[in-house]
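For reference, the structure is listed below as structure tokens.
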Amino acid sequence: MTTTLTTRDESLPAPYSEALDALSVGPLWTALHQLLPNERVTAARPHRWRWREVRPQLLEAARLVPIEQAERRVLVLRNPGLGGAYAVTATLFAGLQIILPGEAAPSHHHTPAALRLVVEGRGAYTTVDGVKCVMEPGDLIITPPMRWHDHGHEGREPVVWLDGLDIPLVRSFDASWASRMRAARPPGTGTDSSQDEFTAAGLVPRRSRYEDTGYPQVRWPWSTVRRALASMAAAAPADQPVGLCYVNPKTGAPPLATMGCECQWLRPGETARIPRRTSSAVYQVIEGRGESRVGDATFAWEPGDTLVAPPWHAVEHVNLAPAAPACLFQFNDEPAVRALGLWREEPPA
Ligand code: GTQ
């Protein structure tokens, strides 16, 4: 919350309040219900960023700002309720990053966790601790805390992806730190484990060829995820939702300690209802056209659009297409909220 606390009791003599200020103490009774409100409150607002409005500004950034200067050429999605903060919710950071053919974004590592969901273009890659992760539209790549990562581009068209990080959360612990940048080195591998060791559900390698970092899979190709969603949709009764969670294939845990990822498949005309939760989520439209209600706000969407659902806002997604499916990716702070014992969910009305 960004509201300023009431730290003065105006009914008391001014010298008393001044004496408290001088001692670096303050009355709790003026601020108690701001610190502990009776309602679940958030300053973050439901919002939608339209791909067709932001995309030209990304291309303009690519024209105006050399990668050597920017290091990361990102337009940050700033929640209009959060007073200009570089935050999409109180805990989450989201941005759209653009890289041009031939460019290299230098290597660094940091305490916040990061994930990328490719929005447009082919030929770019992210290197995670020397492992080359190809970026195709819809692919998810994670860069866990303190893993070196850089971005390169061997293709012929601009590539844009959505970055999701837990920067605001990590900053609230005063734990945000990054190494200095160093020049990106050529990747040490041509493939990542999603291409040869984790190609089918329910199977894990007896012995991995990759270094054991605690994160056996760092890339989830969209082709694999889409195939899995399509077969689930073909089998599930019309009134059962079709959604998959991205997990660490060896433990079943969320891919990162603080952030979860899911993908929902909406059949033509289908509505998905998500109850109010204490976690917050950012949705990215991979495929299809529809409309979402987030709290009292309603947003139409199409591929490339991004939506944010602050905590304790009921969400409803509708696929408005008569014949085509819609696919919505989301990342959220649910693992962090659960780890802190703060997870609650309300059944829909
Ligand atoms: O690509 O390493 O959007 O370090 C924000 C911070 C992207 C990145 C962001 C980062 C990166």
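Each reported figure results from applying straightforward, stated rules to the coordinates on display, with no laboratory input. Everything numeric here is computed off the predicted structure, so don't read it as measured data. Glycine also receives a Cβ, built like all others from the backbone with ideal geometry; neighbour counts cover every protein chain displayed.
Among the residues making up segment 55-73, those that are away from the ligand (no atom under 13 Å from the Cβ) and surrounded by 17 or more Cβ atoms within 10 Å (Cβ to Cβ) are Arg55, Ala62.
Picking from residues in segment 111-121 that are part of a loop (DSSP other than H, G, I, E, B) and within 11 Å of the ligand (Cβ to nearest atom), the one that is surrounded by the most Cβ atoms within 10 Å (Cβ to Cβ) is Ala113. Among the criteria (1) farther than 28 Å from Pro106 by Cβ; (2) assigned to a loop (DSSP other than H, G, I, E, B), the one Gly138 does not fulfil is (1). If you filter segment 162-217 down to residues that are part of a strand (DSSP E or B) and touching a Pro at 6+ places or on another chain (Cβ under 9 Å), you find that the one that is surrounded by the most Cβ atoms within 10 Å (Cβ to Cβ) is Leu165. When the residues of segment 74-87 are filtered to those that are more than 13 Å from the ligand (Cβ to nearest atom) and of a type outside the set (S, T, N, Q), which remaining residue is surrounded by the most Cβ atoms within 10 Å (Cβ to Cβ)? Residue satisfying both the conditions and the ranking: Leu82.
For beta carbons closer than 6 Å, sequence separation of 6+ or different chains, a first residue in segment 94-122 that is in contact (Cβ under 8 Å) with a residue 40 or more places away in the chain and a second that is near the ligand (Cβ under 9 Å from one of its atoms) and of a type in the set (Gly, Ala, Ser), the qualifying pairs are Ala94/Gly164; His108/Ala178; His110/Ala178; Leu115/Gly164. Listed by position, the strands (runs of 3 or more DSSP E) inside segment 281-326 whose residues that are within 12 Å of Trp51 (Cβ to Cβ) number at least 3 are 281-287. Of the listed requirements (1) surrounded by 20 or more Cβ atoms within 10 Å (Cβ to Cβ); (2) touching a strand residue (DSSP E or B) at 6+ places or on another chain (Cβ under 9 Å); (3) not hydroxyl-bearing (Ser, Thr, Tyr), Ala90 misses just one: (2).
Yes/no matrix, rows are residues, columns are (1) of a type outside the set (Ser, Thr, Tyr); (2) farther than 22 Å from Trp49 by Cβ; (3) within 12 Å of the ligand (Cβ to nearest atom); (4) touching an Asp or Glu at 6+ places or on another chain (Cβ under 6 Å):
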{"site": "Gly95", "(1), (2), (3), (4)": "yes, no, yes, yes"}
{"site": "Pro101", "(1), (2), (3), (4)": "yes, yes, no, no"}
{"site": "His109", "(1), (2), (3), (4)": "yes, yes, yes, no"}
{"site": "Gly123", "(1), (2), (3), (4)": "yes, yes, no, yes"}
{"site": "Val128", "(1), (2), (3), (4)": "yes, yes, yes, no"}
{"site": "Val131", "(1), (2), (3), (4)": "yes, yes, no, yes"}
{"site": "Val134", "(1), (2), (3), (4)": "yes, yes, no, no"}
